[in-house]
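Scroll down for the structure; my scribbles are underneath it.
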Amino acid sequence: MKKPFVFINCAVSADGKISTVERRQIKISNELDRERVDKLRAESDAILVGMNTVVGDDPKLTVKSEKLRKERLKKGLPENPIKIAVGNLNRMKLSSDFLDYGNAEKIIFTTEKSDKRKAGKLRKKSEVYVLGETKVNLHRMMEILHEKGVRKLMVEGGGTINFELLRERLVDEIYVAIAPKIFGGKTAPTLADGDGFRADKILNLEFLGLEKLEDVVVLRYTIEK
Ligand SMILES: NC(=O)c1ccc[n+]([C@@H]2O[C@H](COP(=O)([O-])OP(=O)(O)OC[C@H]3O[C@@H](n4cnc5c(N)ncnc54)[C@H](OP(=O)(O)O)[C@@H]3O)[C@@H](O)[C@H]2O)c1
C-alpha cells in the first residue's frame, strides 16, 4: 500500500495529558515550541485531526508565519497544507475556522452514518469521502491521500484518532512536547486513548532524539517495526 509519511505531533503535560478534564483547547507548550510546530506544518502536505478536535477546538490548522507561507508559495506549493477531518460530520457547523479560515484545501473523511444532506452542504466548502459504514477505513484514506500527492501527513490529535492510527500501524514518527504542568484527571485525554493496547500488544518506540526548548522538552520517536 502506498501511503504518505505520517507523524503525530502532540503537546502534553508532565502527566501525559493533552488537555484538562474540560477537554478544551488550551496552551500547553511555549512560544518556541509553537514555532517548531509551525515549521512542521509548513513542511507538511496535509494536517489531520479527529472530529472531536474539529468540533470542540475548531482549530485553524494553517501556517501562522507569513514568511513560511510565502516560502511555500515560492516553492510552488499551496499557501497552507490541506486540512483533514475524520469522523461523523453531523456535528460539524457549516461555518467554522476549520472550514473558512485561511487559504487551504479541506477534506472530510467520514462514514455512512453521516447525514447525506449535511454532507451535500459541506461539499460546497470541502471534499467529502465516505469510506466505511461506521468507521473510516484509515488504510484506504492513506491510499487516497497518496494518490492526491500527499507525501507528508501531520497528525495533530486528539487522543482517539492518534490511537486508531497507531493501532493500524499507520504512523511513522511521533513528536511529544512535554510541558512542566500537571493536569491530572482520569477523564482528561492523553496522547493515545481509544481502547488501548493489551500488555502483549504494546507498541514499542525507538528513540530518535530530543530538543530542549526552554522549559519544554520535545522527544522524537519512530515506531519499532
Ligand atoms: N495537546 C495537543 O497536542 C492536542 C491536539 C489536538 C487535540 N487535543 C485535545 O484532544 C481532545 C480531543 O480528543 P478526542 O480523543 O476526544 O477526539 P479526537 O481524536 O479529536 O476525535 C475523535 C473522533 O474522531 C473520529 N474518528 C476517529 N477515528 C475514526 C475512524 N477510524 N473512523 C471514523 N471516525 C473516527 C470519531 O468521530 P465521530 O464520533 O464523530 O465519528 C471520534 O469520536 C480535546 O480536549 C482537544 O483539545 C490536544
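A short reminder: the numbers here are calculations on the coordinates, not readings from a lab. The shown structure was predicted, so the numbers you read here are calculated from the model rather than taken from an experiment. Neighbour counts run over all protein chains shown; Cβ positions are idealised from the backbone, glycine included.
The table below gives the values:
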| read-out | value |
| --- | --- |
| Share antiparallel - DSSP beta bridges, the chain, percent rounded to 5 | 35 percent |
| Mean-position separation - Cα centroids, the stretch 65-109 and the stretch 1-54, in angstrom | 15 Å |
| Selected from F207, N162, I144, residue furthest toward positive end of dipole (the chain; charges at beta carbon) | I144 |
| Relative contact order, percent, the chain [alpha-carbon distance under 8 Å, six or more residues apart] | 32 percent |
| Partner lysines for K3 [C-alpha distance under 21 Å; skip if fewer than 8 residues away on the same chain] | K83, K106, K135, K148, K152, K225 |
| Reach of K67 by Cα under 14 Å, taken over aspartates and glutamates that are not fewer than 8 positions away in the same chain | E35, D38, E43, E79 |
| Calculated FRET value between K181 and K116, using beta carbons and R₀ = 35 Å, to 0.05 | 0.20 |
| Whether the chain is rounded, prolate or oblate, judged on the alpha carbon gyration tensor where a/c under 1.5 counts as rounded | rounded |
| Rounded to the nearest 20 debye, dipole of the chain from Cβ charges on Lys, Arg, Asp, Glu | 800 debye |
| Candidates I18, I108, I26, ranked by Gaussian network fluctuation over the chain, Cα under 10 Å, top entry | I26 |
| Residues V128, V49, V86 arranged by fewest to most Cβ contacts within 10 Å | V128, V49, V86 |
| Distance (nanometres) between label positions extended 7 Å along Cα→Cβ at E206 and H146 | 2.0 nm |
| Highest-MSF residue in the chain out of V21, V130, V155 [GNM, Cα springs under 10 Å] | V21 |
| Least to most buried among S65, S13 (fewest other Cβ within 10 Å first) | S65, S13 |
| Which of F207, F163 has the fewest Cβ neighbours within 10 Å, and the rest in rising order | F207, F163 |
| Cross-link table K60/K124; K2/K116; K70/K118; K186/K212; K70/K212, entries beyond 23 Å C-alpha to C-alpha | K2/K116; K70/K118; K186/K212; K70/K212 |
| Under 18 Å from the Cα of K113 - aspartates and glutamates, other chains or at least 8 residues apart | E127, E133 |
